[in-house]
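Everything below concerns the one structure shown next.
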Amino acid sequence: MSKKQTHGLPRCTHFDDSDASLRRALQAGNRGDSVPRCARRGRTTWQALLTLTFALALQACSKAPAPAPVATAAAAAAAVAWVKPAGADIEPIFAQARANHQAVFLYWGAVWCPPCNQVKATVFNRPDFIARSKQFVPVYLDGDTAGAQKLGTRFKVRGYPTMILFNSDGNELMRIPGEVDAAKYMELLDLGLASNATIKQSLTQALSGAELTPASWRLLAYYSWDQDQAQLVPKDKLASTLAQLARACPSAQRETANRLFLRAIVARAQSKAAAPDAAASLAHLKLVLSDPVQTRESADVLINYPTELLAAAGPARSPEHSALLLDFNAALDRLHADTSLSQSDRLGAIGAKVVLAKLALPKSATLAPELVAQARQAAADAQRLSVTAHERQAIVPNAADLLSEVGLLDESDTMLKAELPTALSPYYHMLVLAANAKARGDKAGSLDWSEKAWHAAQGPATRLQWGSAHVKRLIELAPRDAARIEKAASDVLAELDATAETFYERNRRGLEKMALQLKSWDQRGQHAPTLKRLAQQLAGVCGKLSADDDARQACSGVFKSASAKT
């Protein structure tokens, strides 16, 4: 995703190379890169054997979503006719949409990312979504295909999955949050398709005091603010803007106004800004937690942001904080028991309970046995009820992570290892295994799983992301092994293609982050020769790029940017 908290591990939508970000990505259900089917060049024998093992296992076998509405047999049998751009050239697709007076639905995702697979398992396979897709041009961008990262920069998308609805003129109507449940997703899609105003126009009108339709207010409340990238509102103004919208929303639209208040609380907590209307925010949060209908309406916010929301109650372990915690846990228990929610959301509700319990615990205390048992049962149920490959790619890493968060590391490992032979993208699961080993204090085991995950990863963007993450883990866990660190970083650079695509969006940020980590490792200058060799290696790639291409400047600035930040 998308940054999402949760039981410790993003919206993939915002997955970087830290264990914390991995955990956030796992829980996002939305909000942090994709994997082409073809193998990457230079695969090791270990990789080849692993691939063969997976292929044989897949030949041998096989967030359970809420049931999709019944549709005609013809609609159910059909599939979305996804259009894929030729490289970064998407203009012919928009030209076709203008000519046919159609909207454009853009999906930017990755085959390994759990939230992406959640959307595939709960939304894109629905007969009503498939039928609705005839009304717009459905565009599929895979983060590992040519042009995807450059288009990611153009449309200001960073996290997987990001889903944007454009009108026929190419203006944004809505960024649909992937963490909402499938029925809500369809409601928002319909509202966006029927809208005569762009989301920017609706925001401007709302802030000016102009009257908006209930549909426009709803689109503002459910806009994917996490993925806005400051297009509509500067980051430092987001909390106050959402609070202003919440106050301006007509009282007749209670659920919409309360959701805006919740989003304002979250944005304020994330920006660490003062809350001038703290009492009002807390009152709205209490109302949502006490009302089952309101709880269900904002289930995604409650599940994904418990820490930020609880902060509205003031200092930890104060009477107000303790009272709100009781209400919060009761609301999460209702969501976990709600069978209209997906398995992912129900699992996430227990994960949120674990997060809240850890916040309230003294450092030396352990989680209540009842909560540990509830988490174990929730993980087992979610795994058992997830059947399709997309469901399991979305659910199993989350379920295993929940086990890890309550201290059941061995059970988490067992679940993940059993899934490896049949997983769509087992290298994602290996990152959780690496995190588990690290939690045990097993540095060698953590590095082993991290390296295996990198070697098994597929697709240029994914391999760059996994490789730079492995370099970071080496620096953290084996900082004295200079030879191993240099080799890993050099191997990452050796796979870079000398094309502009390599230096856009997530690729560029991944390289800059790796360079920054290497510079931090070299704080005393003891590894200067290593960094010089790596910089020279990258310069050889940069030199092959066109001199008038922005990508060449981005490439050349990787190590320079790191130097400027240290």
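The values are calculated or read from the model by the stated rules, or taken from the named source; none is laboratory data. What you see is a predicted model, and the numbers here were worked out from it, not measured in a lab. Note: ideal-geometry Cβ built from the backbone for every residue, glycine included; neighbour counts use all protein chains shown. Please note that ligands, DNA and RNA were not included when accessible areas were found on the heavy atoms of the full protein model with its side chains. Shrake-Rupley method; radii C 1.70, N 1.55, O 1.52, S 1.80 Å.
Considered as a group, the residues in segment 316-355 that are basic (K, R) and modelled with pLDDT of 95 or more include one that is farthest from the chain's Cα centre (by Cα), and that residue is R334. Scanning segment 244-258 for residues that are in a helix (DSSP H, G or I) and out of contact with any Phe, Trp or Tyr (no Cβ under 7 Å at 6 or more places or on another chain) yields Q244, L245, R247, A248, R254, E255, A257, N258.
Selection of segment 474-497 for residues being outside any loop (DSSP other than H, G, I, E, B) and open to solvent by less than 60 Å² (accessible area, probe 1.4 Å) yields L474, I475, L477, A482, I485, E486, A488, A489, S490, D491, V492, L493. Looking across segment 135-147, not a single residue is outside any loop (DSSP other than H, G, I, E, B), open to solvent by 10 Å² or more (accessible area, probe 1.4 Å) and aliphatic (A, V, I, L, M). Looking at D291, D300 in this structure, which one is surrounded by fewer than 20 Cβ atoms within 10 Å (Cβ to Cβ) and not polar (S, T, N, Q)? Within the list D291, D300, the selection yields D291. Hey, does segment 441-458 have a residue that's outside any helix (DSSP H, G or I) and either aliphatic (A, V, I, L, M) or over 24 Å from V471 (Cβ atoms) (or both)? Checking segment 441-458: at least one residue is outside any helix (DSSP H, G or I) and either aliphatic (A, V, I, L, M) or over 24 Å from V471 (Cβ atoms) (or both). Taking segment 358-375 as the range and being over 15 Å from S404 (Cβ atoms) and surrounded by 16 or more Cβ atoms within 10 Å (Cβ to Cβ) as the test, only Q374 passes.
Just to be sure, is A269 open to solvent by less than 30 Å² (accessible area, probe 1.4 Å), under 21 Å from the mean Cα position of the chain (by Cα) and either at pLDDT 90 or above or under 16 Å from A312 (Cα atoms) (or both)? Spelling it out, it is not the case that A269 is open to solvent by less than 30 Å² (accessible area, probe 1.4 Å), under 21 Å from the mean Cα position of the chain (by Cα) and either at pLDDT 90 or above or under 16 Å from A312 (Cα atoms) (or both). Here L385 meets the list (1) over 25 Å from V119 (Cβ atoms); (2) open to solvent by 40 Å² or more (accessible area, probe 1.4 Å); (3) of a type in the set (A, V, I, L, M) almost entirely, failing just condition (1).
Of all residues in segment 308-334, those satisfying the criterion of being under 27 Å from A121 (Cβ atoms) and open to solvent by 50 Å² or more (accessible area, probe 1.4 Å) are D333, R334. A count restricted to segment 148-186 and to residues that are more than 23 Å from V83 (Cα to Cα) and outside any loop (DSSP other than H, G, I, E, B) stands at 2. The listed residues are S404, S412, and the only one of them that is more than 20 Å from the chain's Cα centre (by Cα), assigned to a helix (DSSP H, G or I) and surrounded by 16 or more Cβ atoms within 10 Å (Cβ to Cβ) turns out to be S412. Looking only at segment 157-182, residues that are buried (at least 19 other Cβ atoms within 10 Å of the Cβ), farther than 25 Å from R247 by Cα and not acidic (D, E) come to 13 in all. Scanning segment 95-129 for residues being open to solvent by 10 Å² or more (accessible area, probe 1.4 Å) and out of contact with any His (no Cβ under 6 Å at 6 or more places or on another chain) gives a total of 15.
Let's see how each residue does on (1) in contact with a Cys (Cβ under 9 Å, 6 or more places away or on another chain); (2) acidic (D, E):
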| position | (1), (2) |
| --- | --- |
| V372 | no, no |
| A378 | no, no |
| D381 | no, yes |
| A394 | yes, no |
| L409 | no, no |
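Give me the pairs, please: first residue somewhere in segment 227-253 and within 12 Å of L203 (Cβ to Cβ), second residue anywhere and of a type in the set (V, I, T) and in a loop (DSSP other than H, G, I, E, B), beta-carbon distance under 6 Å, and either six or more positions apart or on two chains. Filtered contacts from segment 227-253: T241/V233.
Flag: A337 does not match the condition of being buried (at least 20 other Cβ atoms within 10 Å of the Cβ) and over 28 Å from L212 (Cα atoms). Considering only segment 382-401, state which residues are β-branched (V, I, T) and assigned to a loop (DSSP other than H, G, I, E, B). Passing the criteria: V387, T388.
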